[in-house]
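Working notes, beginning with the structure itself.
Read-outs throughout are calculated quantities, based only on the coordinates presented, and are distinct from any laboratory measurement. As the structure is a computational prediction, the values presented were derived from the model and not from experiment. All Cβ positions, glycine included, derive from the backbone under ideal geometry; neighbour counts span all protein chains shown.
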Amino acid sequence: MAAMISFNDVSKCYPGGFEALKGVTLSIDQGELILFAGHSGAGKSTLLKLIAAIERPTSGSIIVGQQNIGTLRRSAIPYLRRNIGMIFQEQKILYDRNVFANVMLPLQVTGFDTRTSASRVRAALDKVGLLDKERADPITLSGGEKQRLCIARAVVHRPSLLIADEPTANLDSNYARDIMAVFESFNQVGVTVLISTHDRMLLDSTRHRIIELKQGKLVA
Amino acid sequence: MSNWLSQHGYALIRALRQLAGTPMTSLLSIIVFSIVLSLPAGIFILLENLRALSGHATDSQQMTLILDTAAGSADVELINTRLEEMTVIEGFQFISREVALQELQRESGMAEVMRNLEQNPLPDAFVVNLGSLSAGEIEKMQAMMQAWPKIAHVLVDTDWARKLDAMLDVGRLVVIMLTSVFGTTLVIVMFNTIRLQILTRRDEIELSKLIGATDSYIRRPFLYFGAIQGLAGAALAWLLLYFTIIKLNEALSELARLYATTFTLDPLSWQDSLILILFSGTLGWIGARWSVARHFAQIDHESAIS
């Protein structure tokens, strides 16, 4: 299968001089589910941010789909991101609107018509088991439910790539296993899934590929 | 196309919701817009009315030839022929001393005094309609006629209109200056209003960028917000001025009645009203555009660091 994402000798150095990634080369095939392991500060988040062009590489080249992230025009970034679903470490839920409206956002920004959007939002909420909470205020959700909301928001526009940065960080192990199962179900229908985690239990129990990072370098 | 429309419709709805969400702030900035706009617009209305008045005066410029009291009917006949030969003037009218006296008696309420006069002290006169001749031409004509026989005085009564015109020019300059100073102020007001809006919606803006919203999509509701406030401010200013004029006209009609004339102020013409409203909407839009450019760049910069 063709490589969906490839890193070629990628380094990322932040303005303060901190080198988050050092000469990373890797290739990810379409339809893979990969866990990125490593301590905090090992470069997992940076690596995921580079794929979504939230950060740009200092050197080396990153190809996502057919596009080179290093040279991608600023105006092309939104269209790259529309093929990616992202689950952020800090969740980024908007508390001024209900669950339904939160999940609706990715469709709204791409200009989906409202009727199709509504059925898609319900489908996404159904997949993560939040359909009965669509009118709920997100502040009333439990930690696990909030994370499910984030997942529904990440998949509502049916992206081919799903990126989750520490999705189980603040959840107890039962919830974490649930969340992992949701990711696996997306992977089974062909979505490429990239998850960063430092959750040992999750890493030990998985049968998927694990890429480990240590101080910005790949550990063989 | 329908997608484009729905995107704009959606931005408009969001802008209106933003307005409704902060009714007090929105109302205050609309009021600021209307007050700031109504001053130059009000002066403009006064100038337009004065200009109409003076335009009326300069369109019908007149020159009065006052004959020597010793002039006889032969002299009058001579002047009459000369005036008839002049093609540049629009027309003329002879007012004999007898007619002048009768009119004076009728109009000035000095009938008693006049009746007691032993002889008519008034001279014969010609009133010449000059049309819209230039000041230079009038001056040349005045000098020429002054040299005609039996002419005592040649009076031109358009000086005040020309002075008024010059003052109106100064007034127009003042309006332009006020408009640019106040316009800048309004842009700054809107810059700040939008800045606050952006700060309160910062999370939404950041998230929208991350989930693939284009810059113009994120910008659009703020631009609508600015433009709507500008338009609403101008509409309010227009209403303010309109009712002020109605009130002023009531007072003026009383004053004019005492002077036995009619004078009313006209409100802004519909073209000028349209210009006022579009101008204000544009100012709001510019302020919003500027604010968005400035503060979105800041958000980009800060979220890149974190």
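Name the residue, out of B:L16, B:L168, B:L122, whose mean-square fluctuation peaks in a Gaussian network model built on chain B with Cα pairs under 10 Å.
So, out of B:L16, B:L168, B:L122, the one fluctuating most is B:L122.
Two decimals is fine: what is log10 I(q)/I(0) at q = 0.18 Å⁻¹ for the range A:93-157, from a Debye sum with one equal scatterer on every Cα and no solvent?
The Debye formula, applied to the Cα set alone, gives -0.53.
Once Rh is set to the Kirkwood radius over Cα pairs, what Stokes-Einstein translational diffusion coefficient, in µm²/s, holds for the range B:115-184 at a temperature of 4 °C and a viscosity of 1.567 mPa s?
Values: Rh = 16.2 Å.
Estimated diffusion coefficient is 80 µm²/s.
Where the convex hull is taken over the Cα atoms of the protein assembly as shown, what is its projected area averaged over directions, in nm²? Provide the component values of the computation, followed by the final result.
Working: hull surface 151.0 nm².
Mean orientational projected area (the protein assembly as shown, Cα hull): 37.7 nm².
Choose one answer from B:L130, B:L39, B:L210: the residue with the largest mean-square fluctuation in a GNM of chain B with alpha-carbon springs under 10 Å.
B:L210
Please give the net charge around A:G60, taking every other residue with its beta carbon less than 12 angstrom from that of A:G60, where Lys and Arg add +1 and Asp and Glu add -1.
On the way: positive: A:K12, A:K22, A:R56; negative: A:D9.
After counting each charged neighbour, the total is +2.
May I ask for the angle, rounded to the nearest 10°, between helix B:215-258 and the longest principal axis of chain B, with both axes built from Cα atoms and the value confined to 0 to 90°?
The angle comes out at about 30 degrees.
For the protein assembly as shown, what does the helix formula give at 222 nm: sum of -39500 (n - 2.57) over DSSP H segments with n ≥ 4, over the residue count, nearest 500 deg cm²/dmol? Can you show the working numbers first?
Details: 17 runs with 304 residues, N = 526.
When only DSSP H runs of four or more count, the value is -19500 deg cm²/dmol.
Efficiency by 1/(1 + (r/R0)^6): what FRET value for B:R51 and B:K140, r their Cβ-Cβ distance, R0 = 25 Å, to the nearest 0.05? If you can, show how the numbers build up before the last one.
Working: r = 27 Å, r/R0 = 1.07.
The pair B:R51/B:K140 has a calculated efficiency of 0.40.
Run through the range A:49-142 and list the trypsin sites (Lys or Arg not before Pro) located in a DSSP loop whose Cβ has at most 13 other Cβ atoms within 10 Å. Don't jump to the answer; show the numbers that get you there.
Values: sites: A:K49, A:R73, A:R74, A:R81, A:R82, A:K92, A:R97, A:R115, A:R120, A:R122, A:K127, A:K133, A:R135; in loops: A:R73, A:R82, A:K92, A:R97, A:R135.
Here the trypsin sites (Lys or Arg not before Pro) that fit, given the DSSP loop and packing criteria, are A:R73, A:R135.
Once you average over the residues of B:211-221, how many Cβ atoms of partner chains fall within 10 Å of each Cβ? Walk me through the numbers on the way to the answer.
On the way: counts 19, 16, 9, 8, 4, 2, 5, 2, 0, 0, 0.
Partner Cβ neighbours, averaged per residue: 6.
Please compute the average number of Cβ atoms from other chains found within 10 Å of each residue's Cβ in peptide B:202-209. Could you put the intermediate results ahead of the total?
Working: counts 0, 5, 5, 0, 2, 11, 6, 5.
Whole-number average of other-chain Cβ neighbours for B:202-209 is 4.
Taking the simple approach of a point 7 Å from Cα along Cα-to-Cβ for both A:Y14 and A:Q215, what is their distance in nm?
Roughly 1.7 nm, to one decimal.
State the dimensionless ratio Rg/Rh of chain B (Rg: radius of gyration of Cα atoms; Rh: Kirkwood radius). Numbers along the way, then the final one.
Working: Rg = 31.8 Å, Rh = 25.0 Å.
Here Rg/Rh amounts to 1.27.
Suppose R0 equals 30 Å. What FRET efficiency, 1/(1 + (r/R0)^6) with r the Cβ-Cβ distance, do A:S61 and A:D204 give to the nearest 0.05? Spell out each step's value before the answer.
Values: r = 34 Å, r/R0 = 1.12.
E(calc), rounded to 0.05, equals 0.35.
Just to be sure I understand: if I project the alpha-carbon convex hull of the range A:140-203 onto a plane and average over all orientations, what area do I get in nm²? Please list the in-between numbers first.
Details: hull surface 16.9 nm².
Across all orientations, the range A:140-203 yields a mean hull projection of 4.2 nm².
Sort A:56-67, A:8-19 for me by packing, meaning the mean count of neighbouring Cβ atoms within 10 Å per residue, highest on top. Each step should come with its number before you reach the end.
On the way: A:56-67: 15.8, A:8-19: 13.4.
Peptide ranking by packing, descending: A:56-67, A:8-19.
Compute the label zone of A:T116 within the range B:1-22: residues whose backbone N is under 11 Å from the point 7 Å along Cα-to-Cβ.
B:3
Under the rule that an exposed site lies in a DSSP loop and has at most 14 other Cβ atoms within 10 Å, name the longest stretch of chain B with no chymotrypsin sites (Phe, Trp or Tyr not before Pro) of that kind, not counting the sites themselves.
In chain B, the maximal stretch lacking such sites is B:1-258.
Expressed as a whole percent, how much of the Cα-Cα distance distribution for the range B:59-158 exceeds 24 Å? If you can, show how the numbers build up before the last one.
Values: 1367 of 4950 pairs.
So the pairs more than 24 Å apart make up 28 percent of the total in the range B:59-158.
In whole angstrom, and with the biggest value first, how far do the Cα coordinates of chain A range along each principal axis?
Sorted from largest, the Cα extents of chain A read 47, 40, 38 Å.
Output the DSSP H helices from chain A with an along-axis C-alpha extent of no less than 18 Å and a mean Kyte-Doolittle hydropathy no less than 0.0. Each step should come with its number before you reach the end.
Working: long enough: A:99-110 (19 Å, 1.45); A:114-127 (20 Å, -0.75); A:143-155 (19 Å, -0.16); A:173-188 (22 Å, -0.32).
Sorted by number, the helices that extend far enough and score high enough are A:99-110.
Would you tell me the mean number of C-beta atoms belonging to other protein chains that fall within 10 Å of each C-beta in A:107-114, as a whole number?
5
Calculated FRET efficiency, B:V113 and B:W160, Cβ-Cβ r, R0 30 Å, to nearest 0.05?
Details: r = 29 Å, r/R0 = 0.95.
Taking R0 as 30 Å, the efficiency between B:V113 and B:W160 is 0.55.
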